[in-house]
Amino acid sequence: MVRIRTLVTAAALCLTAGSAHALPLVDIEAGARYWYANPGGEMAYNGRDLDVQDDLGFEKEWTPSFYARAAIPFVTLEVEHTDLSYTGSTGDRSFTFGNRNFTASGQDTSFDMTMLHGSAMFSVPLPVVDIGLGLGATRLDAEGKVGNETATAEVTLPVAKAEARVDFPLIPLIAVVKANGIGYDGNNYRDVTAEIGYQMGPLQIRGGYREVGLKYDDNSSDLVMDAQFSGPFGGLTLAF
């Protein structure tokens with residue numbers, strides 16, 4: 001996790017420090033956000049579906065994300081890294097998770113998921129608004145725990161991506177709506193973000209709302225999920 005974050009940060013710094021001068025037609029962005037992600041839905045491992053709030057005791061948590069973006073005429077490249085992490089307790093409930101039957105005794109629970117997304121889009125610059133359509137991939141590494149029982153899921157998903165960006169004339173505001181996702185064999189994944197930014201030279205203050213939804217049931221993984229994570233976020237972006 002730390003290694004991936006370091007690589008993303010280093011890539012962003014390299015783009016910012018070098019390419020902006022060497023390639024004047026490249027627009028560079030690098031930013032960090034804190035997302036107040038509310039968990040919802042269910043997950044399971046060899047047992048009934050467990051509600052992530054009522055059964056596992058997960059509540060809203062702040063989670064970091066980092067991204068870098070490079071736009072040249074007609075092509076936009078983007079990479080984004082997000083960590084989700086929750087802890088809770090089962091309370092007085094009886095259920096099966098993994099190879100154990102838990103009976104009415106509070107057990108510590110946790111869920112961690114790393115999302116690493118990369119994409120390339122073909123961008124159509126229009127007056128005021130830019131429209132982008134493209135393809136990418138999202139790597140998901142998830143781990144759920146109840147007591148000493150651990151379930152994992154690891155998958156790399158090809159995704160379609162769309163984006164609309166509006167630079168408001170005469171006022172220092174920018175608005176962005178973007179989404180990526182895929183559906184296959186009853187599974188699906190989506191990541192939708194809407195944000196607005198206030199520009200102060202190269203520095204932008206941004207805020208918005210993000211929703212990630214994942215329905216995943218595959219024989220290669222222990223963890224079965226039908227969950228959503230959504231909430232507001234705020235952060236800073238450097239743009240050149």
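The values are calculated or read from the model by the stated rules, or taken from the named source; none is laboratory data. If you're wondering where the values come from, they're calculated on a predicted model, not measured in any experiment. Positions of Cβ are backbone-derived with ideal geometry, glycine not excepted, and every protein chain shown enters the neighbour counts. The protein model used for the area step is the full one, side chains on, heavy atoms only, and it has no ligands, DNA or RNA in it. Shrake-Rupley method; radii C 1.70, N 1.55, O 1.52, S 1.80 Å.
Summary table below
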read-out	value
Kirkwood Rh in Å, taken over all unlike Cα pairs in region 50-106	14.7 Å
HN-Hα J in Hz across region 172-179 - Karplus 6.51, -1.76, 1.60, θ = phi - 60°, x for Gly and Pro	x, 10, 9, 10, 9, 10, 9, 8
In region 54-83, GluC sites (Glu not before Pro) in a DSSP loop with at most 12 other beta-carbon atoms within 10 Å	Glu59
Exposure of Lys145 as accessible area (Å², to 10), given a probe of 1.4 Å and all protein chains	80 Å²
Span from the region 167-197 Cα centroid across to the region 116-147 one, whole angstrom	9 Å
For the chain, convex hull of alpha carbons as volume per residue, Å³	114 Å³
Prolate/oblate/rounded call for region 143-234, Cα gyration tensor, a/c under 1.5 rounded	prolate
Residue-level accessible surface for Asp27, protein heavy atoms, 1.4 Å, Å²	90 Å²
In Hz, Karplus ³J(HN,Hα) per residue of region 62-73 (6.51, -1.76, 1.60; θ = phi - 60°; x = Gly, Pro)	6, 9, x, 9, 9, 8, 9, 9, 10, 10, 10, x
Phi-based couplings in Hz for region 108-120 (Karplus 6.51, -1.76, 1.60; Gly and Pro marked x)	5, 10, 7, 8, 10, 9, 9, 10, 10, 10, x, 8, 10
Which of Arg93, Arg33, Arg48 is most accessible, then next, and so on - probe 1.4 Å	Arg48, Arg93, Arg33
Rounded Å value of the spacing that divides the Cα centres of region 76-103 and region 212-238	11 Å
Rounded FRET efficiency, nearest 0.05, which uses the C-beta distance separating Glu59 from Arg100 and R0 of 22 Å	0.35
Where region 114-240 is the region considered: accessible area per residue in Å², 1.4 Å probe	47 Å²
Proximal lysines relative to Lys161, as straight alpha-carbon distance under 17 Å, when same-chain residues fewer than 8 apart are discounted	Lys178
Glu149, Glu154, ranked by accessible area, largest first (probe 1.4 Å)	Glu154, Glu149
The chain, accessible surface, carbon-and-sulfur percent (1.4 angstrom probe)	60 percent
In degrees, nearest ten, helix 2-14 long axis to first principal axis of the chain (Cα)	10 degrees
